[in-house]
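> This is the structure, below, for whatever I ask next.
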Amino acid sequence: MPPGVAGGKSWNFYNAGTGKWEQVWVAPGGVLKLEGSFRDGAMRFEGKTPVSGKPDRWEKLTFTPMEGGRVHQFWQQSNDSGKTWITSFDGIYTPKR
């Protein structure tokens with residue numbers, strides 16, 4: 001997904017066949033598929049997104065639990081096979097009261 005795409009939905013689930021967590025994020029214009037695990041105190045997903053006519057874009061998402069049920073999400077993307085990364089999203093989710 002390009003930076004700034006909004007209005008998507010994600011599904012997170014454990015795949016017993018692979019032993020990994022998976023996330024599928026669907027938004028206008030595309031689908032993002034990631035695999036990951038909970039390590040070092042955070043849920044970490046990684047994957048590659050096909051880009052027409054270009055090398056795959058690498059994706060890294062980290063979800064870190066915070067006090068009060070909040071969650072910090074940090075999403076990075078690389079267009080050069082992980083040599084450099086840009087921040088696509090850096091936000092905090094707060095539960096509704």
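The values are calculated or read from the model by the stated rules, or taken from the named source; none is laboratory data. Just so we're clear, the structure is a prediction, and the values are computed from it rather than from any experiment. When we count neighbours, we look across all protein chains shown, and the Cβ atoms used for this are built from the backbone with ideal geometry, even at glycine.
> Of all residues being surrounded by 14 or more Cβ atoms within 10 Å (Cβ to Cβ) and of a type outside the set (F, W, Y) in the stretch 73-91, which is nearest to S10 (Cα to Cα)? Just the residue, please.
Among residues in the stretch 73-91 that are surrounded by 14 or more Cβ atoms within 10 Å (Cβ to Cβ) and of a type outside the set (F, W, Y), the one nearest to S10 (Cα to Cα) is Q73.
> Moving on to the next point. If I ask for residues that are under 13 Å from the mean Cα position of the chain (by Cα), surrounded by 12 or more Cβ atoms within 10 Å (Cβ to Cβ) and not aromatic (F, W, Y), which ones from the stretch 6-26 would you list?
G8, S10, N12, E22, Q23, V24, V26
> Every residue in the stretch 36-52 that is among the acidic types (D, E) and loosely packed, with under 10 Cβ neighbours inside 10 Å, please.
Scanning the stretch 36-52 gives a single hit, D40.
> Before we move on, is G17 of a type in the set (G, A, S) and either assigned to a loop (DSSP other than H, G, I, E, B) or modelled with pLDDT under 95 (or both)? Working first, answer last.
Values: of a type in the set (G, A, S): yes; either assigned to a loop (DSSP other than H, G, I, E, B) or modelled with pLDDT under 95 (or both): yes.
Criteria met by G17.
> Right, next: I'd like to verify a number: residues in the stretch 65-92 that are of a type in the set (S, T, Y) and modelled with pLDDT under 95, how many? Quick ask: steps written out before the conclusion?
In the first step, residues of the stretch 65-92 are kept if they are of a type in the set (S, T, Y); the result is 78, 81, 84, 87-88.
Now restrict to residues that are modelled with pLDDT under 95: 81, 88.
The total comes to 2.
> What's the total number of residues in the stretch 20-72 that are of a type in the set (D, E) and under 17 Å from S10 (Cα atoms)?
Start the filter on the stretch 20-72 by keeping residues that are of a type in the set (D, E), which leaves 22, 35, 40, 46, 56, 59, 67.
Now restrict to residues that are under 17 Å from S10 (Cα atoms): 22, 35, 46, 59.
Residues that pass the stated criteria total 4.
> Residue by residue through the stretch 84-97, note down the ones that are assigned to a strand (DSSP E or B) and not β-branched (V, I, T). Before the answer, list the steps.
At the first step, the residues of the stretch 84-97 found to be assigned to a strand (DSSP E or B) are 86-93.
Selection gives S88, F89, D90, G91, Y93.
> If I ask for residues that are in a loop (DSSP other than H, G, I, E, B) and in contact with a strand residue (DSSP E or B) (Cβ under 6 Å, 6 or more places away or on another chain), which ones from the stretch 67-83 would you list?
We begin by selecting, within the stretch 67-83, every residue in a loop (DSSP other than H, G, I, E, B); these are 70, 79-83.
Those that are in a loop (DSSP other than H, G, I, E, B) and in contact with a strand residue (DSSP E or B) (Cβ under 6 Å, 6 or more places away or on another chain): R70, N79, G82.
> Of all residues in the stretch 32-48, which are of a type outside the set (K, R) and within 12 Å of P65 (Cα to Cα)? Please lay out each step first, then the result.
Here is the first cut: in the stretch 32-48, the residues of a type outside the set (K, R) are 32, 34-38, 40-43, 45-47.
Passing the criteria: F38, D40, G41, A42, M43.
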